[in-house]
Amino acid sequence: MRRIDVHAHYFPAALVDALEGRDRAPRMIDAPEMRLIDCGGDLVYPLFPQLTDLDPQLARMDREEIGTAVLSGLPPGVDGLGSDAVAVARACNDELAELAGGSEGRFAAIAILPMSDPEAAADELERALMLGLSGAQLLSNVEGEPLDDPRFRPVFERAAALDRPLVLHPTRPRAEQGLGEYGLITTFGFIFDTAVCATRLVLSGIYDRHPDLKLLLPHVGSLIPYQLARVDHELQLMDPDDLALSEPPSEHLRRLYLDSVCLWPPALSLALEVFGFEQVLFATDEPFWRGGAGIETLESLSLEPDVLREVERGNAKRLFSLNGSPG
């Protein structure tokens with residue numbers, strides 16, 4: 001049996017084309033050694049060859065005994081593209097569906113949504129699922145707006161009704177002051193932004209509105225496994241009328257799914273202990289992290305064989321409906 005990687009990236013040609021020639025972020029930048037994706041602020045990263053060519057991905061999957069990789073987009077998604085966002089998202093999802101459908105099960109994919117138009121994003125989610133995509137990716141904010149803003153609720157309502165997962169991926173952080181040097185945008189900014197995003201969604205009552213909604217938070221749950229008791233403690237100081245959840249916030253937060261992207265065994269061990277192995281899914285975050293090192297991190301925990309089997313593939317099959325996966 002082979003692993004299923006639920007966090008592998010692909011940058012659709014339709015999005016490359018949309019960013020070409022723009023004179024402001026989001027845009028493509030020509031650099032001496034490799035083209036760059038400029039998301040604005042201090043978030044700029046290389047357009048690695050693996051992001052547009054799946055042959056290197058297949059080669060590393062074979063090396064790492066990965067049967068299926070779930071492809072997802074990257075910041076900026078279609079954020080910042082204004083009136084073109086809906087059409088570009090559709091083109092990206094058509095491309096992702098074609099890649100996945102022609103891969104004999106080696107690739108699945110999740111949709112890119114035009115969140116600046118929530119009703120259109122909800123419709124695009126449903127259309128993408130009909131094309132065969134396995135869920136959708138949401139960036140941790142929408143051009144600086146938090147996802148718990150009521151105007152984004154149609155997307156969560158549609159995902160809950162269709163029983164498909166949403167993955168909360170980091171983007172340019174809402175709070176980025178002081179993060180421009182030393183790689184702190186991705187080291188801490190990403191983790192802080194996704195933790196705040198997920199926590200705000202929970203505190204806004206998303207699981208009371210949609211008890212079975214499936215949300216996946218990457219990078220072993222960001223900061224949340226470390227802060228559950230603190231969230232409960234701080235919320236006890238609030239006026240009860242300001243937070244009318246059916247359970248303590250920590251119980252709602254424990255409904256999140258996590259991926260295993262981590263190179264520090266104690267952090268992964270804590271995530272498994274707090275959330276349970278049924279909610280942790282193997283992932284690599286290729287090409288930004290070293291997949292082989294992530295596998296070593298997971299294997300270093302010496303999990304029971306049945307637990308390891310669920311983390312490496314069983315949970316992914318259920319969450320992303322990958323029954324035909326060679327994993």
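The values are calculated or read from the model by the stated rules, or taken from the named source; none is laboratory data. All figures in this text were calculated on a predicted structure; none of them were measured in a lab. All Cβ positions, glycine included, derive from the backbone under ideal geometry; neighbour counts span all protein chains shown.
For Ala69, only one of the following conditions fails: (1) touching an Asp or Glu at 6+ places or on another chain (Cβ under 7 Å); (2) more than 19 Å from Glu145 (Cβ to Cβ); (3) assigned to a helix (DSSP H, G or I). What is its number?
(3)
How about the stretch 1-24: which of its residues are of a type outside the set (A, V, I, L, M, F, W, C) and either without any contact (Cβ under 8 Å) to a residue 40 or more places away in the chain or in a strand (DSSP E or B) (or both)? Give the steps one after another, and end with the answer.
Residues of the stretch 1-24 that are of a type outside the set (A, V, I, L, M, F, W, C), as a first pass: 2-3, 5, 7, 9-10, 12, 17, 20-24.
Of everything in the stretch 1-24, those that are of a type outside the set (A, V, I, L, M, F, W, C) and either without any contact (Cβ under 8 Å) to a residue 40 or more places away in the chain or in a strand (DSSP E or B) (or both) turn out to be Arg3, Asp5, His7, His9, Asp17, Glu20, Gly21, Arg22, Asp23, Arg24.
Among all residue pairs at least 6 apart or on different chains, which show Cβ distances below 7 Å where the first residue, located in the stretch 195-206, is over 12 Å from Gly221 (Cα atoms) and the second is outside any helix (DSSP H, G or I) and acidic (Asp, Glu)?
Arg200/Asp148; Leu201/Asp148; Ser204/Asp148
So in the stretch 171-205, with the set limited to residues that are among the β-branched types (Val, Ile, Thr) and closer than 17 Å to Tyr226 by Cβ, which one is modelled with the lowest pLDDT?
Taking the stretch 171-205 first, the residues among the β-branched types (Val, Ile, Thr) are 171, 185-187, 191, 194, 196, 199, 202.
Applying the additional criterion that residues be closer than 17 Å to Tyr226 by Cβ yields 187, 191, 194, 196, 199, 202.
Values: Thr187: 93, Ile191: 96, Thr194: 98, Val196: 97, Thr199: 96, Val202: 96.
Per the criteria, the residue is Thr187.
Read through the list (1) outside any helix (DSSP H, G or I); (2) within 21 Å of Ser250 (Cβ to Cβ), then give the number of the only condition that Ile191 fails.
The one condition Ile191 does not meet is (1).
Quick one: would you say Gly102 is out of contact with any strand residue (DSSP E or B) (no Cβ under 6 Å at 6 or more places or on another chain), without any contact (Cβ under 8 Å) to a residue 24 or more places away in the chain and either more than 20 Å from Ala283 (Cβ to Cβ) or of a type outside the set (Gly, Ala, Ser) (or both)?
yes
Mind telling me which of the residues Pro56, Pro32, Pro75 ends up being outside any helix (DSSP H, G or I), under 20 Å from Glu286 (Cβ atoms) and not aromatic (Phe, Trp, Tyr)?
Residue meeting the stated conditions: Pro75.
Filter the stretch 25-60 down to residues that are touching a residue at least 60 places away in the same chain (Cβ under 8 Å) and buried (at least 18 other Cβ atoms within 10 Å of the Cβ) and give me whichever is farthest from Pro170 (Cα to Cα).
That would be Arg60.
Of the conditions (1) in contact (Cβ under 8 Å) with a residue 60 or more places away in the chain; (2) not in a loop (DSSP other than H, G, I, E, B), Asn93 fails just one. Which one is it?
Of the numbered conditions (1) in contact (Cβ under 8 Å) with a residue 60 or more places away in the chain; (2) not in a loop (DSSP other than H, G, I, E, B), the odd one out for Asn93 is (1).
So how many residues does the stretch 143-185 have that are in a helix (DSSP H, G or I), more than 26 Å from Glu124 (Cα to Cα) and in contact (Cβ under 8 Å) with a residue 24 or more places away in the chain? Break it down into steps so the answer makes sense when it comes.
Quick first cut of the stretch 143-185, residues in a helix (DSSP H, G or I) only: 150-162, 184-185.
Cutting the leftovers down to more than 26 Å from Glu124 (Cα to Cα) gives us 184-185.
Of the ones still in play, those that are also in contact (Cβ under 8 Å) with a residue 24 or more places away in the chain are 185.
Of the residues in the stretch 143-185, 1 are in a helix (DSSP H, G or I), more than 26 Å from Glu124 (Cα to Cα) and in contact (Cβ under 8 Å) with a residue 24 or more places away in the chain.
I'm trying to understand the selection: among the residues of the stretch 108-165, which are acidic (Asp, Glu) and either buried (at least 24 other Cβ atoms within 10 Å of the Cβ) or closer than 23 Å to Gln57 by Cα (or both)?
Initial filter on the stretch 108-165 (acidic (Asp, Glu)): 117, 119, 123-124, 126, 143, 145, 148-149, 157, 163.
If the condition is that a residue be acidic (Asp, Glu) and either buried (at least 24 other Cβ atoms within 10 Å of the Cβ) or closer than 23 Å to Gln57 by Cα (or both), then Glu124 is the only one that fits.
If I filter the stretch 1-24 down to residues being out of contact with any Lys or Arg (no Cβ under 9 Å at 6 or more places or on another chain) and more than 24 Å from Ser260 (Cα to Cα), which single residue comes out as surrounded by the fewest Cβ atoms within 10 Å (Cβ to Cβ)?
Asp23
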